[in-house]
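What follows is calculated from the coordinates using simple rules that are stated; it is not laboratory data. Quantities reported herein were computed from a predicted structural model and do not represent experimental measurements. Quick reminder, even Gly has a Cβ in these numbers, built from the backbone with ideal geometry, and neighbours come from all protein chains shown.
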Amino acid sequence: MRVTPYGAAQTVTGSCHLLEEGEYKLLLDCGAYQGAEDDRNAEPFGFEPGAIDAVVISHAHNDHIGRLPLLLRRGYRGRVYLSEPTAKFLPVILEDSLRLMREELERLERKGKPTPPVLWDEQDLSELYRRLEPVPLYQDLAFGPLTVRLRGAGHLPGSAFIDVRAQGKHFIFSGDLGHRRKEVLPDPDYPTAADLVLCEGTYGDRPHRPFADTIREFSEILNTHLGQGGKVFIPSFALERTQEVLFYLRELESQKAIPSVPVYVDSPMAEQISEIYPGVKSYFSTEVQALFNQGLDPFRPGQYSHTRSVEDSKALNRLNGPLIIIAGSGMLSGGRILHHLALGLPGAQNAVVITGYQPRGGLGQLLIEGAESLRIFGETVPVRAKTYTLGGFSGHAGQDELLDWLGGERRIALVHGEPDKLQILQQELSKRGQTAWLAEWGKAIEV
Ligand SMILES: [Zn+2]
């Protein structure tokens with residue numbers, strides 16, 4: 001058996017790995033490159049899509065599924081195997097991604113700039129939907145000479161790491177591993193000794209602070225600013241981060257640790273995801289399942305509402321605090337959150353709570369660095385609101401958790417991380433006598 005990375009090699013996006021046993025070819029993930037690297041999506045895959053026998057997907061994030069429609073357009077004719085929740089989230093994620101691609105093309109056209117060719121469209125998407133094959137976690141599945149099993153990764157509902165056996169050899173692909181000890185999802189399962197582990201290292205350079213500290217700080221921030229009649233803005237990703245924030249708002253409210261105030265989710269995509277959750281409740285922690293079973297929605301604080309139209313979204317601007325607004329985009333690269341910040345940042349009673357990664361030079365990073373004013377929609381906006389970073393909400397394992405998950409594994413190829421972070425993780429693993437290295441694009445590794 002051998003594996004060759006064709007994405008997420010010394011970078012955090014574009015997860016795509018080819019596993020071969022004899023003539024059989026299994027593709028693990030087929031994700032999009034994102035952010036500064038997104039022009040790499042148009043490049044050839046590095047392998048022949050028509051020669052792939054089957055595709056198995058670890059989870060529903062765009063950097064793990066985003067090139068599936070393109071794989072079909074370029075000749076793949078097999079099926080795509082994934083967990084039931086992943087199959088339900090996939091259309092929401094990919095239809096949003098198609099909409100964003102279209103908007104970008106229109107923007108370029110309006111400016112009279114050259115437009116790149118469309119990579120894929122609705123037809124490729126509907127072809128993909130016909131080929132989705134939901135499979136259960138924890139069951140042996142036969143793929144030609146390979147025995148494949150999906151096991152819980154604790155990163156999203158239904159997220160998996162992928163365990164493959166063939167001819168006495170054992171290979172594990174970590175997918176993305178979740179942050180342990182949070183209450184919404186079950187903790188990641190542990191791997192059993194493998195001949196090779198292809199492991200993510202997004203936070204390979206540092207541990208997260210204890211999650212209980214994050215929640216305590218979140219509660220203090222909310223009390224301070226809501227107590228002053230302020231508005232608390234939480235830029236958030238639609239899939240999982242938004243619902244996790246809602247879960248803790250509901251929990252803090254029910255413990256009377258924070259006041260009950262109106263909470264608005266201004267993201268139709270986040271609402272679409274939330275509506276899928278009750279239908280896949282067995283993929284959540286026992287605590288979340290218990291709440292569902294009592295007829296409660298664990299992701300709805302007392303005064304919850306969500307917007308449907310742009311008019312609903314604009315109407316939020318006229319409301320007075322105290323209130324909480326959760327809106328996209330999580331990285332402040334666009335979306336409705338910018339309208340709320342343009343109006344809210346001048347108010348000293350208001351707060352911005354950052355719960356996810358912010359790219360260098362982006363608005364989120366400028367806020368974290370204490371910018372006194374920002375340019376939003378061509379206007380200069382003075383910043384008097386306070387910005388807080390709660391990195392503990394991360395959906396990824398920190399360094400200590402990666403080392404714990406890898407246990408005594410002997411051979412580890414690192415992917416899905418920036419090179420400097422992967423190198424720090426590699427050094428930590430070497431200190432423990434484990435052999436680890438940074439996987440390279442297109443370079444095959446023998447299992
Ligand atoms: Zn992910």
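For the reader, a short list of remarks on this structure follows.
- Separation of the stretch 26-45 and the stretch 57-119, taken as the distance between their Cα centroids, equals 10 angstrom.
- Loop-located trypsin sites (Lys or Arg not before Pro) in the stretch 349-447 (DSSP state not H, G, I, E or B) with no more than 15 neighbouring Cβ atoms inside 10 Å: 360, 384, 410, 432, 443.
- DSSP-defined antiparallel bridges as percent of all bridges, the chain, nearest 5: 45
- Charged neighbours of residue 157, selected by a Cβ distance under 10 Å, balance to 0 (K, R count +1; D, E count -1).
- Between the stretch 139-163 and the stretch 406-440, the Cα center-to-center distance that results, in Å: 22
- Each peptide in 1-7, 342-348, 194-200 was scored by the mean count of other Cβ atoms within 10 Å over its residues; highest first, the order is 194-200, 1-7, 342-348.
- Modelled label reach - residue 281, point 7 Å along Cα→Cβ, the stretch 294-309 residues with backbone N closer than 12 Å: 294-299
- GNM flexibility winner over the chain from 186, 359, 298 (Cα, springs under 10 Å): 359
- Share antiparallel - DSSP beta bridges, the stretch 211-393, percent rounded to 5: 20
- Spacing of the modelled spin labels on residue 113 and residue 368, each 7 Å from Cα toward Cβ, amounts to 2.6 nm.
- Helix 122-131 and the longest principal axis of the Cα set of the chain meet at an angle near 60°.
- For the stretch 131-225, the set of trypsin sites (Lys or Arg not before Pro) satisfying both a DSSP loop assignment and a count of at most 15 other C-beta atoms within 10 Å is given as 181.
- Stretch gain in nm, segment residue 100-residue 377, where the contour uses 0.36 nm per residue and the Cα spacing is subtracted: 97.9 nm
- Total formal charge among the other residues, if their Cβ is under 9 angstrom from that of residue 7, Lys/Arg +1 and Asp/Glu -1: 0
- Structure note, pairs 25/169; 182/231; 169/443; 231/256; 25/88; 88/256: Cα-Cα distances above 23 angstrom occur for 182/231; 25/88; 88/256.
- Rounded FRET efficiency, nearest 0.05, which uses the C-beta distance separating residue 43 from residue 193 and R0 of 25 Å: 0.10
- In percent, rounded to a whole number, the relative contact order of the chain is 19, using alpha-carbon pairs under 8 Å and six or more apart.
- Backbone HN-Hα couplings from phi across the stretch 400-413 [Karplus 6.51/-1.76/1.60, Hz, Gly and Pro as x]: 4, 6, 5, 5, 5, 5, 6, x, x, 4, 9, 10, 10, 9
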